[in-house]
Each structure stands twice: as structure tokens, then as C-alpha cells.
Amino acid sequence: MGAPVHRPVPRGGHRGRPALSTAAPAPDPAAPAEPALAEPAAARVHAAPAEPAAADATVSAPLAVVLTSGIAYALYFGSIGAWSPYWPVYFAGLGVDLAAIGVLTAIPAAVQIVAAPAWGLLSDRLGDVRLPLAAASAVCIAAALFMASAPATAWLFPAVALLAVGSSAWPPLVDARTVTALGAQRGRYGQARGIGSAGFIVASILVGLLVDALGPRVLFGAYVPLVAVAAVWVLVLFGRAGSRPRVVGVGPVGALRLLRERTMALMFAGSVLVWAACNGASAFFSLRLVAQGADAGLVGVGWAVNALVEIPMMLLFQPLARRAGVPALIAAGATVLAVRNLGWAVAGSDLATVGVALLSGVGYALFLVGVTTWLADRVAVSLRATAQALFLGTAYAIGTIGGSLGAGWLAGAAGLDAMFYAVAAVALAGAGVTWLAVGRPALSRARGAAPR
């Protein structure tokens with residue numbers, strides 16, 4: 001299904017719910033044939049000011065969109081690769097105890113539940129992602145520079161929360177901009193996102209070498225410039241993806257009305273289950289390897305395998321979607337994660353566990369890219385950033401918190417084997433719920449359209 005076309009709401013006496021989208025003339029065979037959801041009834045949509053021809057031209061130049069968004073992803077996920085593996089080492093060097101590091105680990109997911117949809121709403125109200133991304137980058141830089149000054153432990157908690165507020169804007173807003181700019185070629189989103197995974201791998205390796213040579217504080221010397229360059233990149237080169245409507249009068253409650261529609265509610269619930277199973281198991285992957293006798297080098301290889309496999313799967317998503325359809329790939333991604341969790345339960349050696357980890361990148365890529373693409377076809381363009389933030393920010397964060405806490409409790413009570421079996425069952429339940437949301441309707445439409 002092509003990108004929906006939006007027009008200003010008539011100012012006459014019509015009081016019904018405005019029709020905010022119609023099918024574009026160039027459908028994407030990989031996209032589900034469902035109508036885009038309109039904005040909540042309280043919203044008033046105004047056409048955005050006309051953009052220069054160069055900005056609108058990106059819709060007809062998918063390679064340019066893939067490259068500009070891909071480099072933005074690479075810069076952002078490069079900053080995450082500089083930060084995520086090494087901040088616990090830096091904090092431990094400041095004298096922060098393990099219990100406090102555990103709390104600091106949970107803060108970003110909790111903040112993301114609220115912050116991600118808030119950034120999405122701001123972007124949808126402005127009809128543009130550039131200024132929100134620049135503001136979010138400034139927040140990240142300020143928080144990072146403060147933490148680089150080696151503050152007392154008590155100040156690290158609000159600083160980490162502030163960093164999480166800024167970083168939660170990036171994935172959903174760049175996702176929304178990318179699928180909107182690609183238009184009917186939005187199946188190529190995975191190609192742009194795969195460049196981001198490559199950025200993470202390169203940055204994590206290079207910064208690791210710098211940390212070994214100069215100490216953990218050097219991570220800020222990589223993180224801050226990467227975020228700053230990313231902000232400049234989106235301000236200068238993103239442009240507005242065509243004539244995007246600006247939404248007025250939609251707050252958080254109005255945005256949550258998206259979930260009142262049955263299909264959206266089922267997909268949200270399924271996403272929470274899948275991310276809970278994915279992250280609950282991943283939280284104990286390193287401990288599983290150590291318990292099986294792996295050294296630190298093999299643990300690092302195990303995590304690198306995850307990201308390496310993501311890249312080809314994201315690049316292959318569009319041709320796979322044309323053959324099997326996006327709903328099937330979403331359910332397949334969740335099922336692969338269930339098989340991975342089951343594999344970790346039965347793997348009898350550290351090498352076998354690392355081998356099973358190859359499935360992580362497959363399942364993660366199929367589910368992430370699938371949900372992003374499906375939302376782009378399902379939700380009207382003027383609420384696309386909000387929808388991406390709800391599903392890939394809030395749902396992910398809720399799943400991460402619930403999955404990590406639940407898996408931790410079960411692992412402590414019944415052991416790692418029982419925990420991996422349990423999260424495999426949760427992933428299968430998530431696959432079933434997402435199939436009810438998108439797979440069965442697509443199958444019913446296909447059967448209804450078949451000749452008799």
C-alpha cells in the first residue's frame with residue numbers, strides 16, 4: 001500500500017470524522033492491504049507548508065533516503081556502541097556499587113515508557129522530526145558532559161534519566177521520517193536500519209580499544225561528537241519528507257486512542273510479550289555462557305554475533321516481504337526468538353549457546369523491521385511518529401522491564417533452564433497475538449480475493 005495522501009480538513013459544516021488518508025496510486029506489494037488509521041477525532045490537521053522541490057524529491061529517490069537515514073542511524077547507534085558496553089565500567093571506577101549499577105540499568109527503560117511517545121507527539125504536532133531530534137541531542141550531550149565530570153553517585157541517577165529522555169527520541173523519530181520519505185518503497189527501511197547496526201559494531205570495537213588504552217572516561221570523547229554530528233546531519237540533510245500534516249489538539253490521551261482499535265491493541269500487546277521474551281532471555285545470555293565455562297572473549301563474540309546477523313536480515317527484508325508478506329515476517333520473527341530461547345535452554349556447551357545466538361539477529365530484525373513497516377501502512381502519516389514511539393519505544397520499554405524482572409525472579413527461583421523454557425513460551429504467545437492482529441486479517445482478505 002502506498003503512502004496515504006493528506007489534505008486539509010474542510011472548514012464547512014461537516015461535523016463527522018474527517019477522512020485523513022486515501023490510497024496512493026503506487027502500491028507496494030509487500031505492504032498489508034489495510035486502510036490507514038486516521039487521527040483521533042479531537043485532532044485538527046493542517047497541511048504543512050510546501051517544502052522546496054529538493055526535499056520532496058527524496059520520496060522519488062529511495063537510495064538517497066536509505067543513505068541519509070542510514071548514516072543518521074549509524075551515527076546514533078555508533079554513539080550507543082560507544083556508551084552501552086562501557087558505562088558500567090566507568091561508573092564502577094567512580095566507586096558506584098553493583099546494586100546502584102543495577103538500578104541505573106533499569107532507569108532508561110522506565111523513562112522511555114513516557115519519553116518516547118512524548119517526543120513522537122511533539123514531532124507530529126510540528127509536522128517535522130528535525131527540531132525534536134536536535135533538542136534531544138542537546139539533552140544527551142548535556143547529560144553526558146555532566147557524567148564525564150565524575151559527579152557523586154547520587155547525581156548519576158538524574159543524569160542517566162536525562163540521557164534516557166534524549167536518546168529515546170532517536171529511533172522512533174528517525175523510523176517515522178524514513179518510512180514516510182520512502183513512500184511506496186518503505187520496504188527498504190531495513191536497508192537504512194542495517195547501516196545503523198554496522199555503526200554500532202564498528203563503534204563498540206573501536207571504543208573498546210580506546211578504553212583499554214586510555215581508560216573508560218574516553219567513551220565520552222566518542223559519544224559526544226557522534227551525537228553532535230548526528231544532530232547536524234539531520235538538521236542539514238533530512239529535510240521534511242514531503243508535505244506532512246501538522247496535528248493540533250492531540251495530547252497523550254488522544255495518542256493512546258490509537259490503541260482503542262482492536263488490531264492496534266492486539267499488536268501492542270503482542271509486541272510487549274515479544275520484547276519481554278527477547279530481552280528477558282538476553283539479560284542472562286552472558287551468565288549462561290560463563291556458567292558453561294566461556295571466557296570473556298567468547299562472551300564478546302556471542303554478543304557480536306547478534307548484531308552481525310541483523311544486518312543481512314534487515315537488507316533482505318524487502319524481498320522477503322514481497323514473497324511472504326509483512327504479517328508473516330512479523331510472526332516469523334517472534335517465533336524465531338522463541339526457538340532461540342528454547343535453544344539456550346537445551347544447549348549443552350558454550351559454543352552451542354553462541355551458535356544458537358545466531359537466531360537472535362534473525363528474529364530481532366524480522367520483528368523490528370516488520371512492525372515498523374506495518375505501522376507505516378496502518379497509521380496516518382500525521383501520527384506516524386507517535387505510533388512508532390508507542391510501539392517501538394513504550395512497548396519495548398515495558399517488555400524490557402517486565403521481561404528482565406520476571407526472568408530474574410524465575411531464574412533465581414527455578415534456575416536458568418526453567419527460565420529459558422518460560423520465556424520461549426512467552427515469545428510463542430507473542431507470536432500468536434501478533435498473528436491474530438495482522439496475520440489472520442491478511443489471510444482472510446487473500447482468501448476473499450481469490451477467484452471462485
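Structure notes:
- When you count the other C-beta atoms within 10 angstrom of each residue and take the mean per peptide, 108-118, 402-412 line up highest first as 108-118, 402-412.
- Residues in segment 270-415 average 31 Å² of solvent-accessible surface per residue, probe 1.4 Å, ligands and nucleic acids excluded.
- When Trp275, Trp87 are compared by accessible area of protein heavy atoms, the largest-first order is Trp87, Trp275, using a 1.4 Å probe.
- Accessible area of Ile401 in the full protein assembly, 1.4 Å probe (Å², nearest 10): 50 Å²
- Largest to smallest in accessible area, the residues Arg262, Arg193 fall in the order Arg262, Arg193 (1.4 Å probe, all protein chains included).
- Entry comment: accessible area of segment 69-121 is 36 Å² per residue, from protein heavy atoms only and a probe of 1.4 Å.
- The slack in the chain from Ser149 to Ala352, taken as 0.36 nm per residue of separation less the alpha-carbon distance, amounts to 68.8 nm.
The values are calculated or read from the model by the stated rules, or taken from the named source; none is laboratory data. The structure presented is a predicted model; accordingly, all values stated were derived computationally and were not measured. For neighbour counting, all protein chains shown are included, and Cβ atoms are generated from backbone atoms with ideal geometry for every residue, glycine included. Areas reflect the complete protein model, heavy atoms only, side chains present, ligands, DNA and RNA absent. Shrake-Rupley method; radii C 1.70, N 1.55, O 1.52, S 1.80 Å.
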